Amino acid sequence: MKTATQARDNEFIAICKEIISQNIASGRRTSLVLVIDEAIHRRPRCHYVSYERASRILHYIDACGSTAIRSRLATLKWLELYNQVKETMNGPRGLPFDKALSFVLSFKRPSRFYITHARALRLLRPHITTTISYQAHSND
């Protein structure tokens with residue numbers, strides 16, 4: 001069985017390959033950094049986190065605040081999920097936390113991939129080849 005991280009990474013790699021293919025088909029030359037940036041800002045299919053982990057982290061945020069989360073990117077990821085759950089709880093159905101979290105994990109999507117450019121590059125390296133061309137300039 002794939003882990004949530006493996007599934008997220010596979011989706012991200014597929015999106016990058018799609019962007020690269022579209023660029024090649026249209027004759028555009030784009031740097032890998034721009035491909036990664038475009039892919040990171042696409043919406044993944046889901047949050048790629050288990051109910052248990054999400055519940056534990058969101059309860060931690062309620063108790064301690066988000067400042068205790070170790071990285072800025074992780075903070076953004078968890079706060080987005082937290083806000084989606086709170087909006088669902090405060091919505092017309094007034095769902096309790098457990099049902100709101102289940103709903104969000106099943107039917108809502110994050111706004112972007114929460115991975116660093118360095119991690120994205122490490123993920124893509126085995127899937128891409130680069131060609132370096134050299135053109136000699138003549139004095140003609």
Query raised in the report: On average, how much accessible surface per residue is there in the chain, in Å², for a 1.4 Å probe, leaving out ligands, DNA and RNA?
Result: 68
Query raised in the report: In percent, how large is the relative contact order of the chain, given Cα pairs closer than 8 Å and 6 or more residues apart?
Result: 32
Requested in this report: First compute the accessible area of region 1-122 with a 1.4 Å probe, then give the percent of it belonging to carbon and sulfur atoms.
Outcome: 54
Requested in this report: Mark the label point 7 Å from the Cα of ARG42 along Cα→Cβ and return the residues of region 1-34 whose backbone N is within less than 11 Å of it.
Outcome: 11-23
Query - Stokes-Einstein D (µm²/s) once Rh is taken as the Kirkwood radius of the chain over alpha-carbon pairs, at 4 °C in 1.567 mPa s - result: 74
Requested in this report: Could you work out how far apart the two model spin labels at ARG109 and TYR60 are, taking each label as a point 7 Å from the Cα in the direction of the beta carbon, and quote it in nm?
Outcome: 2.8
Query raised in the report: How far, in nm, would the chain grow between TYR51 and LEU76 when pulled straight, counting 0.36 nm per residue and subtracting the alpha carbon separation?
Result: 7.2 nm
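The values are calculated or read from the model by the stated rules, or taken from the named source; none is laboratory data. As the structure is a prediction and not an experimental result, all values here were calculated from the model. FYI the Cβ positions are ideal-geometry reconstructions off the backbone, even for glycines, and counts take in every protein chain you see. Quick note on the areas: whole protein, heavy atoms, side chains included, nothing else; ligands and nucleic acids left out. Shrake-Rupley method; radii C 1.70, N 1.55, O 1.52, S 1.80 Å.
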